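I have placed the structure first, in the form of structure tokens, so that the comments after it can refer back to it.
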Amino acid sequence: MKDKIARLQEKARKLRIDIVRTLHRSKSGHTGGSLSVIDMLTVLYYHKMRHDPANPKWAQRDRLVLSKGHAAPAQYVALADCGYFPKEDLQMLRQLGGHLQGHPDSKGTPGVEVCTGSLGQGLSMAVGMALGLSLDKSSNRVYAVLGDGELQEGQIWEAAMSAAHYRLDNLCILIDANGLQIDGEVAKVMNVESIGDKFRAFGCHVLEIDGHDIAAIVAALDEAEQVKGKPTAVVARTVKGKGVSFFENKASYHGVTPSDEELPRALQCLGDCCD
Amino acid sequence: MSNMIATRDAYGEVLAELGAENGDVVVLDADLSGSTKTSSFAKKFPERFFNMGIAEANMVGTAAGLAASGKIPFASTFAIFAVGRAWEQVRQSVAYPKANVKIVATHSGVTVGEDGGSHQSVEDIAIMRAVPNMTVIVPADGVETKKAIRAAAAYNGPVYVRLGRNKVPTLFDDSYEFAIGKGCQLRDGSDLTFVATGLMTAQAVAAAEILAGVGVSARVVHIPTVKPIDEELILAAARETGAIVTAEEHSVIGGLGGAVAELLGERCPVLLKRVGVQDRFGTSGKAEDLLKYFGLMPENLVEAAKELLGKK
């Protein structure tokens with residue numbers, strides 16, 4: 001298991017490099033939230049989820065809904081690395097004619113299940129998927145990845161209520177709680193704490209972890225699988241811009257991409273000295 | 001025209017039939033299942049019915065998720081909530097991904113009646129029509145409702161079906177063949193054409209009868225699918241009769257009248273009069289009184305027809 005954790009950590013580091021390079025090239029996109037969520041996506045795509053990049057619509061796949069769709073670059077680099085589409089496609093991120101839209105679009109991108117990015121809507125779709133899998137008596141699971149700022153949307157709580165009401169233990173909600181949103185600190189813009197207490201009150205099994213601790217993420221997802229009769233909410237405390245020191249904890253890097261000048265320094269932070 | 005049935009009642013009946021025929025059909029409601037008549041499905045197939053409570057945004061998103069799991073979800077509530085409250089969910093979660101979700105809204109238009117203007121949706125056709133990928137169907141009677149719902153279930157993509165609260169005359173028999181995007185001519189005529197949808201089609205038929213009595217030959221074209229609209233049928237009527245009166249229980253802005261005006265303006269400009277709700281909100285009252293109050297009676301259509309004929 002130790003080896004496994006080390007391999008996942010190394011994979012996350014490489015995916016961070018892909019994120020930084022991709023966003024530098026596209027000159028448009030969300031850097032901070034992509035770097036904060038990538039450890040969770042790494043564990044999901046490379047360890048936890050049953051999926052087949054050669055067969056994106058495989059009926060026995062687990063589903064991932066990136067409700068915080070602005071972190072699409074994080075999902076795209078993982079999907080490309082897994083083999084859902086060629087890595088060269090990343091060069092067309094946000095470009096006319098490319099399939100990698102600014103926010104995830106299931107119509108064009110293999111491995112993307114639904115369209116997200118209008119915040120607050122992904123959890124409802126995840127609830128619908130979990131209900132559908134339950135109807136089919138499938139053992140597959142649904143993972144919904146939310147931002148903490150996104151919790152300000154009322155629809156999230158409608159969805160959380162319904163997930164608990166329908167006892168969706170095949171649904172795991174991960175909250176990438178990096179504490180920042182476009183206008184500043186979540187706590188100052190519109191406080192959403194206590195996130196854990198809220199999800200508990202809405203009927204979820206709640207876990208609080210360090211969202212960059214690969215072993216903790218693995219353990220949380222394992223525990224979620226054992227919970228019966230209710231959904232699990234994993235409140236993952238993260239750092240916006242994680243891995244690139246001068247991006248970290250800066251709301252100003254929410255929707256900003258690395259400049260030409262910043263790129264080598266960012267890659268250096270990530271241990272990529274080949275540029 | 002003998003028997004009367006509300007389109008929502010026909011919806012409840014056909015949903016239960018579809019549920020028996022196709023195990024992938026699932027139904028969602030937002031605490032109005034008794035009114036939308038999805039309760040008939042819920043009684044027969046409780047495991048495939050999801051009451052989402054008074055939370056329309058989540059209902060629509062959940063429906064999109066069920067569609068992503070291969071189900072054929074029908075999501076129902078009143079038109080004002082399905083289209084108004086949940087508009088962005090319909091756009092982002094349903095229409096944008098082209099999800100196979102059927103939004104079937106009841107209690108549309110002013111004939112909601114006593115509940116008043118807050119609950120009377122007079123802009124839903126316009127709003128849904130503007131959304132890419134969306135098909136918009138407004139059946140005229142119970143028979144057509146059942147056929148339209150079956151067609152919606154068979155079609156892979158988002159559909160908005162607009163139904164009403166009150167009993168309406170039955171215009172069609174079982175031999176009627178409904179197809180998405182196709183209108184039908186209910187009566188031939190040469191002096192002008194009524195182009196109508198929903199419950200206003202019966203009013204147009206009645207208006208044509210009145211006009212026949214005074215020697216005016218009025219064609220009646222029924223347009224159940226407001227989007228995609230049957231352009232050829234309407235253009236033929238415009239060319240052949242030279243005057244069009246549209247009729248809908250909806251604002252004259254952006255609905256059937258708007259769609260017809262766009263079409264004729266670009267391709268066959270002829271005399272046009274749009275009968276509908278004149279850019280105003282509804283109000284409380286009995287449904288039949290409100291049809292009079294808002295000028296949606298056969299006499300109003302006759303008046304509009306005569307106005308156009310006077311300009312010919």
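Considering every residue in B:50-59, what mean count of other chain Cβ atoms within 10 Å of its Cβ is obtained? List each step's numbers first, then the result.
Working: counts 7, 2, 8, 4, 1, 8, 2, 8, 17, 4.
Taking the mean over all residues of the peptide, I get 6.
Could you quote the convex hull projected area for segment A:112-266, Cα atoms only and averaged over all directions, in nm²? Walk me through the numbers on the way to the answer.
Details: hull surface 39.2 nm².
Convex hull of Cα atoms, orientation-averaged projection: 9.8 nm².
Counting protein heavy atoms only and a 1.4 angstrom probe, how many square angstrom of accessible surface do chains B and A bury in total, to the nearest 100?
Details: alone 11980 and 11490 Å², together 21580 Å².
Approximately 1900 Å² gets buried when B meets A.
Mind putting a number on the dipole of chain A about its Cα centre? Charges go on the C-beta only, +1 for Lys and Arg and -1 for Asp and Glu, and I need it in Debye to the nearest 20. Present the calculation step by step, with values, prior to reporting the outcome.
Values: 32 positive and 34 negative charges, 99 e Å.
The calculated dipole for chain A is roughly 480 debye.
Once the dipole of segment A:2-269 is set up with Lys and Arg at +1 and Asp and Glu at -1 on Cβ about the Cα centre, which of A:His212, A:Ile173, A:Leu90 lies farthest towards its positive end?
Working it through, the farthest residue towards the positive pole turns out to be A:Leu90.
Which residues of segment A:122-140 end up with at least 20 Å² less accessible area in the presence of all protein chains than when their chain stands alone, using a 1.4 Å probe?
A:Ser124, A:Met125, A:Gly128, A:Met129, A:Leu131, A:Gly132, A:Leu135, A:Asp136
With r defined as the distance between the Cβ atoms of A:Lys87 and A:Ser139 and R0 fixed at 45 Å, what FRET efficiency is calculated, to the nearest 0.05? Don't skip to the end; give the middle numbers.
Values: r = 32 Å, r/R0 = 0.71.
Calculated value: 0.90.
Summarise the partner chain shielding of B:85-96 as one whole number: the mean count of Cβ atoms from other chains within 10 Å of each residue's Cβ.
On the way: counts 0, 1, 0, 4, 6, 0, 3, 11, 10, 2, 1, 9.
Counting Cβ atoms of other protein chains within 10 Å of each residue's Cβ and averaging gives 4.
Give the residue from A:Ser245, A:Ser162, A:Ala187 lying farthest towards the positive end of the charge dipole for segment A:147-275; charges sit on Cβ (+1 for Lys and Arg, -1 for Asp and Glu) and the dipole is referred to the Cα centre.
A:Ser162
For segment A:42-120, just the Cα set please: Rg and Dmax, both in angstrom.
Both quantities, over Cα of segment A:42-120: 11.8, 34 Å.
Of A:Ala219, A:Ala163, A:Ala130, which is the most mobile in a GNM of chain A whose springs link Cα atoms less than 10 angstrom apart?
Answer for the Gaussian network model of chain A: A:Ala219.
So for segment A:2-269, Kirkwood radius off the Cα pairs, Stokes-Einstein at 20 °C and 1.002 mPa s: how many µm² s⁻¹? Kindly include the intermediate steps, with their values, before the conclusion.
Numbers: Rh = 18.2 Å.
In µm²/s, the coefficient rounds to 118.
Given the whole protein assembly as supplied and a 1.4 Å probe, what does the accessible area of B:Lys227 come to in Å², nearest 10?
Near enough 50 Å² of accessible area.
How big is the charge dipole of segment B:184-311 about its Cα centre, in debye rounded to the nearest 20, if each Lys and Arg gets +1 on its Cβ and each Asp and Glu gets -1 on its Cβ?
On the way: 12 positive and 17 negative charges, 32 e Å.
Here segment B:184-311 has a charge dipole of around 160 debye.
Of all beta bridges DSSP finds with both residues in segment B:184-311, what is the antiparallel percent, to the nearest 5? Working shown, then result.
Values: 3 of 18 bridges.
In segment B:184-311, approximately 15 percent of DSSP beta bridges are antiparallel ones.
Of the lysine pairs in segment B:247-312, how many meet both conditions: Cα atoms under 25 Å apart, and a spacing of 8 or more in sequence or different chains? Don't skip to the answer; put the middle values down first.
On the way: B:Lys273/B:Lys292; B:Lys273/B:Lys306; B:Lys273/B:Lys311; B:Lys273/B:Lys312; B:Lys292/B:Lys306.
The number of close lysine pairs in segment B:247-312 is 5.
Nearest 500 deg cm²/dmol is fine: what mean residue ellipticity at 222 nm does chain B get from its DSSP H runs of n ≥ 4 alone, each adding -39,500 (n - 2.57), divided by its residue count?
Numbers: 11 runs with 115 residues, N = 312.
Helix-only estimate at 222 nm: -11000 deg cm²/dmol.
Sorting B:Trp87, A:Trp157 by accessible area (1.4 Å probe), largest first, what list results? Walk me through the numbers before you get to the answer.
Values: B:Trp87 90, A:Trp157 35 Å².
Putting B:Trp87, A:Trp157 in descending order of accessible area: B:Trp87, A:Trp157.
At 1.4 Å probe radius, can you tell me the per residue accessible area of segment B:184-311 in Å²? Let's see the in-between values first.
Values: 5010 Å² over 128 residues.
So segment B:184-311 comes to 39 Å² accessible per residue, rounded to a whole number.
Note the full-extension length gain between A:Asp197 and A:Arg265 as 0.36 nm times their separation in residues minus their Cα-Cα distance, in nm to one decimal. Before the final figure, lay out the partial values.
Details: separation 68, 0.36 × 68 = 24.48 nm, distance 3.94 nm.
This chain segment gains 20.5 nm when fully extended.
With the Cα gyration tensor of segment A:1-153 in hand, convert its eigenvalues to equivalent ellipsoid semi-axes via √(5λ) and list them largest first in whole Å.
On the way: eigenvalues 101, 70, 50 Å².
Semi-axes from the Cα gyration tensor: 22, 19, 16 Å.
If you bin every alpha carbon distance in the protein assembly as shown into 20 Å steps from zero, what whole percent lands in each bin?
With 20 Å bins starting at 0, P(r) equals 21, 44, 27, 8, 0.
In segment A:172-265, what chymotrypsin sites (Phe, Trp or Tyr not before Pro) fall in a loop by DSSP, with at most 13 other Cβ atoms inside 10 Å? Show your work: numbers first, answer last.
Working: sites: A:Phe199, A:Phe202, A:Phe246, A:Phe247, A:Tyr253; in loops: A:Phe202, A:Phe246, A:Phe247.
Those satisfying the criteria are A:Phe246.
Provide the descending list of Cα extents for segment B:195-312 along its principal axes, expressed in whole angstroms.
Principal-axis extents of segment B:195-312 (Cα, largest first): 40, 34, 23 Å.
Excluding ligands and nucleic acids, what accessible area in Å² is computed for A:Asp81 using a 1.4 Å probe, to the nearest 10?
Answer for A:Asp81: close to 50 Å² accessible.
Run through the DSSP bridge list for the protein assembly as shown and note the antiparallel percent, rounded to the nearest 5. Mind dumping the intermediate values first?
Numbers: 10 of 68 bridges.
Counting DSSP beta bridges with both partners in the protein assembly as shown, the antiparallel share is about 15 percent.
Quick check for me: using +1 on Lys/Arg Cβ and -1 on Asp/Glu Cβ, what's the dipole size of the protein assembly as shown about its Cα centre, in debye to the nearest 20? Could you put the intermediate results ahead of the total?
Working: 63 positive and 70 negative charges, 133 e Å.
It works out to roughly 640 debye.
So what is the 222 nm mean residue ellipticity for chain A from helices alone, if each DSSP H run of at least 4 adds -39500 (n - 2.57) and you divide by all residues, rounding to the nearest 500 deg cm²/dmol? Intermediate results must be reported in sequence, preceding the final value.
Details: 9 runs with 107 residues, N = 275.
Roughly -12000 deg cm²/dmol at 222 nm, from the helical runs in chain A.
Using a simple spin-label model with points 7 Å from Cα along the Cα→Cβ vector, what separation in nm is obtained for B:Ala212 and B:Leu235?
Label-label distance for B:Ala212 and B:Leu235, simple model: 3.0 nm.
Please go through segment A:173-231 and write out the GluC sites (Glu not before Pro) that DSSP classes as loop and that have at most 15 other C-beta atoms within 10 Å. Provide the component values of the computation, followed by the final result.
Values: sites: A:Glu185, A:Glu193, A:Glu208, A:Glu223, A:Glu225; in loops: A:Glu193.
Sparse-neighbourhood loop GluC sites (Glu not before Pro): A:Glu193.
Hey, which aspartates and glutamates would be in cross-link range of A:Lys242, C-alpha to C-alpha under 13 Å, not counting anything within fewer than 8 residues on its own chain?
The qualifying aspartates and glutamates are A:Asp39, A:Asp176, A:Asp210, A:Asp213.
Can you put A:Ile17, B:Ile253 in order of accessible area, largest first, using a 1.4 Å probe? List each step's numbers first, then the result.
Values: A:Ile17 15, B:Ile253 90 Å².
Ranked list, largest accessible area first: B:Ile253, A:Ile17.
To the nearest 10 degrees, how steep is helix A:32-43 against the longest Cα principal axis of chain A, on a 0 to 90 scale?
Taking Cα atoms only, the helix is inclined about 60 degrees.
With springs only between Cα atoms under 10 Å, which of A:Gly211, A:Gly111, A:Gly154 fluctuates most in a Gaussian network model of chain A?
Result: A:Gly154 has the largest fluctuation of those listed.
Report, in degrees rounded to the nearest 10, the 0 to 90 angle that the Cα long axis of helix A:214-226 makes with the longest principal axis of chain A.
Tilt of helix A:214-226: around 20 degrees.
Residue by residue, what Karplus-based ³J(HN,Hα) values in Hz, rounded to whole numbers, does segment A:103-115 have, using 6.51, -1.76 and 1.60 with θ = phi - 60° and x for Gly and Pro?
My calculation for segment A:103-115 gives 10, x, 10, 5, 5, x, 10, x, x, 8, 7, 9, 8 Hz in order.
Can you tell me the accessible area per residue over segment A:2-269, all protein chains present, probe 1.4 angstrom, in square angstrom? The partial results should precede the final answer.
Working: 9970 Å² over 268 residues.
I get 37 Å² per residue for this part.
Residues with amide H under 5 Å of A:Val65's amide H, sequence separation 5 or more or different chain, H placed in the peptide plane at 1.01 Å from N; which?
Sorted by chain and number, the residues that satisfy this are A:Tyr143, A:Ala144, A:Val145.
The values are calculated or read from the model by the stated rules, or taken from the named source; none is laboratory data. No experiment lies behind these values; they were computed from the predicted model shown. Please note: Cβ atoms are built from the backbone with ideal geometry, for glycine as well, and neighbour counts cover all protein chains shown. Only protein heavy atoms, including side chains, enter the accessible area calculation; ligands, DNA and RNA are left aside. Shrake-Rupley method; radii C 1.70, N 1.55, O 1.52, S 1.80 Å.
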